[in-house]
Structures are given as C-alpha cells and as structure tokens.
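Have a look at the structure below before the remarks.
The values are calculated or read from the model by the stated rules, or taken from the named source; none is laboratory data. All values derive from a computational prediction rather than experimental measurement. Don't worry about glycine lacking a Cβ; one is built from the backbone with ideal geometry, like all the others, and counts go over all protein chains shown.
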Amino acid sequence: MKRILSLSLTLVLALLTTSLAGQSRKSGYYKDLFMDGGIGLNEYDDLPAAKFLNLTMERISTYEDGDTTAATAYEHMLMSNAFIGSEIDRNGSLLYPDGAPRFRVIYLNGGKATTHGKQLRKEGIETIRKFVAAGGSYVGTCAGAFFASKGTYSRADGTFNPNPWYSGIFPGYTVSTGLNRSATTLSVEKKSPLLKYYDFGGDRLIDSVRHNGGCFMCTDSVPAGTELMLRYVGDTLHQLKRPIHQEVNAWAYKADAKTGRVVVTGSHPERMIGGDRLQMFSAMIRYAMDGNGTPRIKGELVNGQAREMTRRTQDNDPDYTAIGDRQYHHFTVNVPKGTKQVKIDLKPGKGYASFDLFLFAAPGTPAFNDNAAWYNVNNGAGKSLIIDAPKAGPLYVSVYCDTTVDTLDTRWGEQYTGRIEVLNGVPYIIEVNY
C-alpha cells in the first residue's frame, strides 16, 4: 500500500511539475487570450476552445450581430479604453507600459472588418500592429482574417485594393468567397503545422465548417514566410460566381523570431464544442501561442551603476519603463573571469514598496521562475540576490511583477478593480555589483 501511495504521489508531482513548467515557461503575460467582440464584430461571453485548452481569457463585448447603430457611448468608451488607453491604463489592455504584449494572443471574431477597423480608429489599429510586432500573436476568423490582411484582391479586374482600416499584420491580400450562410469541408495540407496538435481523424478532412461571407488567401502575391494550412473542398460543379475549390482557407505568417504569429481562417470554427472543428480552432490558437516572440533584453547591467526603470508609457523609452502586472523584464550581466560573488539589488520606486517584485537569475538563457538557478521571491519590492562563484560569461537576470489587478465580470467584459496602479507600471531600480 505504501509503495502504491508513493508511486501515485510521484506521478501526481511529476504531472504537476510538467504542467507548471509548461505554463511558467510561457509566462510573462498577464493572461493567455483576449477576445475582441467589439463594435462591428460578433460578440460572445465565452470561447469553447479557450475552455477546452484551459486558457485564461478576457474579452470585450459590445452589441450583437454587427449592428453599429446599437453601439452606445459607453461601448465606444470601452473600445477606446481597451485599444488606445485611458487615465488609469495609458497603454490600453493589450500592451504593457513598455509596449510589450500583455496577452499571448488576441482573437478577432467574425463580423464586419472595415466597420471594426473604423471603430478602432487609427490609434487602435496601430496598437494591434504593435502587439504583434512586439511578440504577441493573432488569431482571426472570417472578418478577423480580412482585418489581418493589407486589403482585398479582385480577380475580375486583377487589382489589389489596400484597405486603410485593415491592419496589414499579414502583408498579403484576401479574396471574398461570395459564399454566405453555408458550410464547407476543409482539407488539411500534408505539411500543415496544425497536424502537430491533432490528426483530425486521420483523413485530414474537417467536415461542415460554417462559412458566412468569408475569404480565401490571394495566391497571386504570397508574402515570404506564409504557411498554408487548410484548403476549401467544395463547389466542384462551379455553381458559385467565385469558385473556391482548393483555395487556401487558413494560413499563418510570422515575420521573424521577435514578432508574434498571425493565424487566420476564412471560415467560422470558433463556436464549435467538439470534434474536428473544435480541434481545428484549438490547433490554430495553440500554433499562434507557440509562435510568440522571443524574450527581449532590456540591456546590460553595468557593475556599480544603478539602472532606473521608472519611465512611463508616454515617455516612449521602453528600455527604462516601469514593469506591468505578471510581466518579466530581462537583463544581462557580463561576469568577468575570477569573479567571486555577484550581488543584485532591487529597490522600489517611491510609494511602490508594497508591490511584489521577484528576482531571478540563470546562466546563458533568459531567466524565468522555472529555469532560474538563483531566485528571491520574498514579499515586497525591495530585495537582493547573492550569487557565489558565478561562471564567467553572460548571466541573465529578470525582474517579475507578481502584483496584478482584480477583475469584475460584466456584460461587456472584465472591468479592473483593486491595485489598478499596476496598469501604468511599477517603477524600480536595479543594480549589480561584483
């Protein structure tokens, strides 16, 4: 009996460690997913794939069915607060004070892409561009696929039509299918990255995926780095004015290692609660999150020189900006040969001593809570970390902000309460001596 209990406990601990390691390695984000059901888009109060994948999520939800005349002044304010900023959160919900992505991925629902872009305004569209450029990933269905592109392509006259209300985070074009209130079968490409997550029944076919006014990818001009994932199977009798058989239904794009990954489809798998269609959308989200940008280094800590991380969003100096909730700031230290001890001191900005900042250090790789060789997770912002007999070469040091906001669930999404000061950043001073 004791041996069975011991083995059971060992297995539980192993599974728990694996789970936590997977989560913490991907940490440095406030939450996993932000669902955009704002003005011009369909709105929902949940996302089945997020529940299936056990993801943390927030959302913005406005009126139903894309009827812009129903949008209230309050809903316009919510859009502005989330995507542009407010007095209590100058950088908006998607970004940290230094411009880093606050969520791992943003998901744009179906609806009306141009209408939504106009409601985001130029500043909100630019926020989404910054989000992806800084390492946050993007998933879009139907209107979300249109919005990700630079514009539309007309096969009738062979013209590219840039849309100023699209984001261009995928630097290619989309083509309208002309198919409404229907469904199609989709085939999975042999080398589709989605096959890393599910085999879709082994036949690489996904049946009856909802379609309503969506798009396919323009293949007349495909940006380098684009990955083709799914194709339409249907309209073999060419009954549509715009045949879609074998056109690209879903694709992914990632500019480089530092940027996030864009993953989109012209169809609507997002409300599915089981089977291949749920797996399709879940695989899209997983591939997007696996494509988050690499950690960015703020700079090198110089022996005996205090580095003041006290700037604010409006200062436009991200390498010296205060830290956000559940965010990591990464630094390096060049340890000389023969160094006997490295001491790292963390001091809070004035009035911020009660915020919880943690210190981590690791040799040769950015430090997180699950790979750190040295750490100090005591309460409060002020603390020190002492490293005896460090190995010569690059030492990575990180500061993590464990203090976050509380949330109140409302009809329109989560509203922040509690320690909202953290939204504009917790200032601190870090110094290394050896």
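Looking only at region 303-319, count every residue that is more than 24 Å from the chain's Cα centre (by Cα) and at positive phi and tell me the total.
1
What is the residue count in region 42-64 for residues that are of a type outside the set (Asp, Glu) and modelled with pLDDT under 95?
5
Scan Glu126, Glu87 and give me the residue that is free of Cβ contacts under 8 Å to residues at least 12 places away in the same chain, part of a helix (DSSP H, G or I) and not assigned by TED's automatic domain parsing to the domain that holds Arg326.
Being free of Cβ contacts under 8 Å to residues at least 12 places away in the same chain, part of a helix (DSSP H, G or I) and not assigned by TED's automatic domain parsing to the domain that holds Arg326 holds for just one of Glu126, Glu87, which is Glu126.
How about region 186-201: which of its residues are surrounded by fewer than 15 Cβ atoms within 10 Å (Cβ to Cβ) and modelled with pLDDT of 95 or more?
Lys190, Lys191, Lys196, Asp199, listed by residue number.
Those residues that are buried (at least 18 other Cβ atoms within 10 Å of the Cβ) and either more than 22 Å from the chain's Cα centre (by Cα) or among the polar types (S, T, N, Q) (or both), I need them from region 320-330; list them, please.
Result: Thr321, Gln327.
Within region 263-271, is there a residue that is modelled with pLDDT of 95 or more and among the acidic types (Asp, Glu)?
Yes, region 263-271 contains a residue that is modelled with pLDDT of 95 or more and among the acidic types (Asp, Glu).
Just one of the numbered conditions (1) farther than 28 Å from Thr294 by Cα; (2) part of a strand (DSSP E or B) is not true of Tyr138; which one?
Only one criterion in (1) farther than 28 Å from Thr294 by Cα; (2) part of a strand (DSSP E or B) is unmet by Tyr138, namely (1).
Could you list, in sequence order, the residues of region 385-408 that are closer than 28 Å to Ser93 by Cβ and either over 21 Å from the mean Cα position of the chain (by Cα) or in the same structural domain as Lys31 (by TED's automatic domain parsing) (or both)?
The answer is Leu408, and nothing else.
Look at Gly151 and say whether it is more than 21 Å from the chain's Cα centre (by Cα), over 19 Å from Met289 (Cβ atoms) and modelled with pLDDT under 95.
no
Here are the criteria: (1) within 23 Å of Tyr96 (Cα to Cα); (2) surrounded by fewer than 20 Cβ atoms within 10 Å (Cβ to Cβ). Tell me which single one Asp388 does not satisfy.
With respect to (1) within 23 Å of Tyr96 (Cα to Cα); (2) surrounded by fewer than 20 Cβ atoms within 10 Å (Cβ to Cβ), Asp388 is out only on (1).
Only one of Gly418, Gly382, Gly338, Gly351 is without any contact (Cβ under 8 Å) to a residue 60 or more places away in the chain, in contact with a Lys or Arg (Cβ under 9 Å, 6 or more places away or on another chain) and either in the same structural domain as Ala100 (by TED's automatic domain parsing) or surrounded by fewer than 17 Cβ atoms within 10 Å (Cβ to Cβ) (or both). Can you tell me which?
Sole residue among the options that is without any contact (Cβ under 8 Å) to a residue 60 or more places away in the chain, in contact with a Lys or Arg (Cβ under 9 Å, 6 or more places away or on another chain) and either in the same structural domain as Ala100 (by TED's automatic domain parsing) or surrounded by fewer than 17 Cβ atoms within 10 Å (Cβ to Cβ) (or both): Gly382.
Here are the criteria: (1) modelled with pLDDT of 90 or more; (2) surrounded by fewer than 20 Cβ atoms within 10 Å (Cβ to Cβ). Tell me which single one Thr72 does not satisfy.
(1)
Could we say that Lys258 is surrounded by fewer than 18 Cβ atoms within 10 Å (Cβ to Cβ) and in the same structural domain as Pro223 (by TED's automatic domain parsing) here?
yes
Restricting to region 283-315, name every residue that is crowded, with 18+ Cβ neighbours inside 10 Å and among the hydrophobic types (A, V, I, L, M, F, W, C).
Those that are crowded, with 18+ Cβ neighbours inside 10 Å and among the hydrophobic types (A, V, I, L, M, F, W, C): Ala283, Met284, Ile285, Ala288, Met289, Leu301, Met309.
For Arg242, indicate whether it is among the basic types (Lys, Arg) and at pLDDT 95 or above.
Against the criterion (among the basic types (Lys, Arg) and at pLDDT 95 or above), Arg242 does not qualify.
List the residue pairs whose Cβ atoms are under 8 Å apart, where the first residue sits in region 257-274 and is free of Cβ contacts under 8 Å to residues at least 40 places away in the same chain, the second is surrounded by 21 or more Cβ atoms within 10 Å (Cβ to Cβ), and the two are 6 or more positions apart or on different chains.
Hits for this filter: Ala257/Gly293.
Under the condition of being of a type in the set (S, T, N, Q) and under 27 Å from the mean Cα position of the chain (by Cα), which residue from region 362-384 is nearest to Lys347 (Cα to Cα)?
Selected residue: Asn369.
Considering region 150-165 alone, what residues qualify as being out of contact with any Lys or Arg (no Cβ under 6 Å at 6 or more places or on another chain) and over 11 Å from Phe216 (Cα atoms)?
Passing the criteria: Lys150, Gly151, Ser154, Arg155, Ala156, Asp157, Gly158, Thr159, Phe160, Asn161, Asn163, Pro164.
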